[in-house]
1. Working only within the range 1-18, note down all residues that are part of a loop (DSSP other than H, G, I, E, B) and either at pLDDT 95 or above or within 16 Å of residue 101 (Cβ to Cβ) (or both).
2. Take the range 96-110 and flag every residue that is touching a strand residue (DSSP E or B) at 6+ places or on another chain (Cβ under 6 Å), over 25 Å from residue 53 (Cα atoms) and in contact (Cβ under 8 Å) with a residue 60 or more places away in the chain.
3. State which residue pairs qualify: first residue within 18 Å of residue 18 (Cβ to Cβ) and inside the range 32-47, second residue in a helix (DSSP H, G or I) in any location, beta carbons under 8 Å apart, and separation of 6 or more residues or different chains.
4. Residue pairs, Cβ under 6 Å, 6 or more apart or interchain, first in the range 71-95 and at positive phi and in contact (Cβ under 8 Å) with a residue 24 or more places away in the chain, second outside any loop (DSSP other than H, G, I, E, B) and surrounded by fewer than 17 Cβ atoms within 10 Å (Cβ to Cβ). List them.
5. Could you check the range 51-92 and list, in sequence order, the residues that are surrounded by fewer than 16 Cβ atoms within 10 Å (Cβ to Cβ) and in a helix (DSSP H, G or I)?
6. Which of the residues that make up the range 19-31 are farther than 15 Å from residue 75 by Cβ and either in contact (Cβ under 8 Å) with a residue 60 or more places away in the chain or in a loop (DSSP other than H, G, I, E, B) (or both)?
């Protein structure tokens, strides 16, 4: 059986990419790679992350725009800037930030 690593980061944490100039708020976590093979193969081989690690869905931003990113744990670092994220979906899903982390908004159940 495959070993599944416990995720280092959690929902609402603000992280930044270790190589590329973007940061974001985690809104979902896959315990291992869960995207298409074509997506994974499009990454240059010398930079391609391993599949057997957590992958994070981010409400991401760079200097020019906001978008959704899918990033391996090996390529993320905790963002310690203290700056809030400007992605427009952050306020829909989260409250905060509080001490560098967002908190999920309460859900109303019918």
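The values are calculated or read from the model by the stated rules, or taken from the named source; none is laboratory data. None of the values given here were measured: they were computed from a predicted structure. FYI the Cβ positions are ideal-geometry reconstructions off the backbone, even for glycines, and counts take in every protein chain you see.
1. 7, 8, 9, 10, 11, 12, 18
2. Selection gives 96 alone.
3. Filtered contacts from the range 32-47: 33/40.
4. From the range 71-95, no pairs qualify.
5. Passing the criteria: 74, 91, 92.
6. Scanning the range 19-31 gives 25, 27, 31.
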